[in-house]
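Reading through the structure tokens given below for one structure.
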Amino acid sequence: MNFLERDIQSIWHPFTQAETEPAPTAIVRGEGALLFDENGNSYIDAISSWWVNLHGHSHPYIAERVSKQLQTLEHVIFAGFTHPPAVELAERLLKVLPENQKRIFYSDNGSTAVEVALKMALQYWYNIGEERKCIVAFNNSYHGDTFGAMSVGARGGFNRPFESLFFDVKFIDIPEKGKEENSTAQLQSLISENKIASFIYEPLIQGSGGMNMYSASGLNTLLEICKRNNIITIADEVMTGFYRTGKLFASEYMTTPPDITCLSKGLTGGTMAMGVTSCTSGIYNAFLSSDKSKTFYHGHSYTANPLACTAALASLDLTEKKECADNVKRISDAHIKFAKELENNSKVTNVRHIGTIVAFDIITDGQSGYFNNISSYLKVEFLKRNVILRPLGNTVYILPPYCISNEQLQKVYNAIIDVLNLLK
Ligand SMILES: *Cc1c(COP(=O)(O)O)cnc(C)c1O
């Protein structure tokens, strides 16, 4: 049996309907923005391998740092023990996160970073003896696949089988440009009728929900209202962190900082799984007590894994270089030009751009959104052109690693135009 047949015999892939989707592509090597299959064909990774990769695949600097750490300390229990990479990473993240963020809690991935944030917020109210349990989130949001994260995400779609088990969440609309007052009114009315513990949001762009972008000033107004009402705000920067929106964190576009921030995906440069939940000293202090029931009893076996911390430190070194900021600007400028070109294309609508992400919708006669079947067709056509893109239904987006060259970026744009020309 070849490699692919063995895969098909033994593996259950994520977010994949094995009955109808084509066999996976076997990747054996990565370098820069390229991934290579068994036969030596190369593909441009235009979605940063599900939004995790920042500086390219198998980056030699990250590889060297992680391999050194691997020979020094691979892992140690993080309750009652600590180690240099964890401390250094916490200090460096606190230096660059919004100024009010004072504590770092480590976990394993984006979903756990969100679970930790929600539990911190809910237990905060328990610990200070105030009854607040209701959580507010945006319609159409995505915060991960564990139960808490699913509860605060869009209902229906991915989560229908579990819906009856979710906890109480109230949903409001994202503050789209020109419709900001809508969201403000929805939030105000929820506040007047409920005891709201927390508001969780993907700042400025909803990723899995279809790359929906919205107004920074509109979000800032919502954050101010939350602040006035002592509602704990949670910025889920799992996708937006580390320059995806053009700034290091999307929260920097607003003047009101969040109380809690969730990071993952780009955190280790795309090398290993790791989650971070940062919070204010106000939240942290509410857990300090001689009463044991106020402890945050949450942790994962691999919390603050030294290899993951080291990968994150190495990735931060690269992220903080001028070259990275220059690349982000270069990609953003190229996207702006491409977006202009797309706007004149009669097959697309709703062209949008922020930082290193550009997205548009293909006009179809089917339903729009994730379950539009056109995505399977498009994915295959892009792959035939040696470009990895994974449309969300009829929404096509580019979210590349920052090392992508102008030539590679142009190939991605060309592949998109080429595939658009195939459509009726
Ligand atoms: C991907 C994502 C998550 C979940 O992260 P995982 O590491 O896949 O569990 C949470 N929030 C947002 C905004 C995401 O894009």
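The values are calculated or read from the model by the stated rules, or taken from the named source; none is laboratory data. Nothing here was measured: the structure is a model prediction, and the numbers come from that model. Ideal geometry is used to build each Cβ from the backbone, glycine not excepted, and the neighbour counts take in all protein chains shown.
Remarks
Table: residues versus (1) at pLDDT 95 or above; (2) over 22 Å from residue 92 (Cβ atoms); (3) of a type in the set (Phe, Trp, Tyr).
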{"position": "251", "(1), (2), (3)": "yes, no, no"}
{"position": "257", "(1), (2), (3)": "yes, no, no"}
{"position": "262", "(1), (2), (3)": "yes, no, no"}
{"position": "269", "(1), (2), (3)": "yes, no, no"}
{"position": "272", "(1), (2), (3)": "yes, no, no"}
{"position": "276", "(1), (2), (3)": "yes, no, no"}
{"position": "279", "(1), (2), (3)": "yes, no, no"}
{"position": "291", "(1), (2), (3)": "yes, yes, no"}
{"position": "296", "(1), (2), (3)": "yes, yes, yes"}
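- If you check 90, 79 for being surrounded by fewer than 23 Cβ atoms within 10 Å (Cβ to Cβ) and either free of Cβ contacts under 8 Å to residues at least 60 places away in the same chain or within 16 Å of the ligand (Cβ to nearest atom) (or both), only one passes: 90.
- One residue stands out among those in the stretch 50-66 that are in a loop (DSSP other than H, G, I, E, B) and away from the ligand (no atom under 16 Å from the Cβ): the one that is surrounded by the most Cβ atoms within 10 Å (Cβ to Cβ), which is 55.
- Residue 402 vs. criteria in a loop (DSSP other than H, G, I, E, B), of a type in the set (Ser, Thr, Tyr) and in contact (Cβ under 8 Å) with a residue 40 or more places away in the chain: yes
Yes/no per residue for (1) closer than 24 Å to residue 205 by Cα; (2) in a strand (DSSP E or B); (3) among the polar types (S, T, N, Q):
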site	(1), (2), (3)
100	yes, no, yes
105	no, yes, no
112	yes, no, yes
115	yes, no, no
122	no, no, no
126	no, no, no
137	yes, yes, no
144	yes, no, no
148	yes, no, no
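- Here the stretch 330-371 is the region considered, the condition is being part of a strand (DSSP E or B) and of a type outside the set (A, V, I, L, M), and the residue that is surrounded by the most Cβ atoms within 10 Å (Cβ to Cβ) is 360.
- In the stretch 10-21, the residues that are at pLDDT below 95 and either surrounded by fewer than 10 Cβ atoms within 10 Å (Cβ to Cβ) or not assigned by TED's automatic domain parsing to the domain that holds residue 390 (or both): 17, 19, 20
- Residue identified as under 26 Å from residue 279 (Cα atoms) and small (Gly, Ala, Ser) among 33, 90: 90
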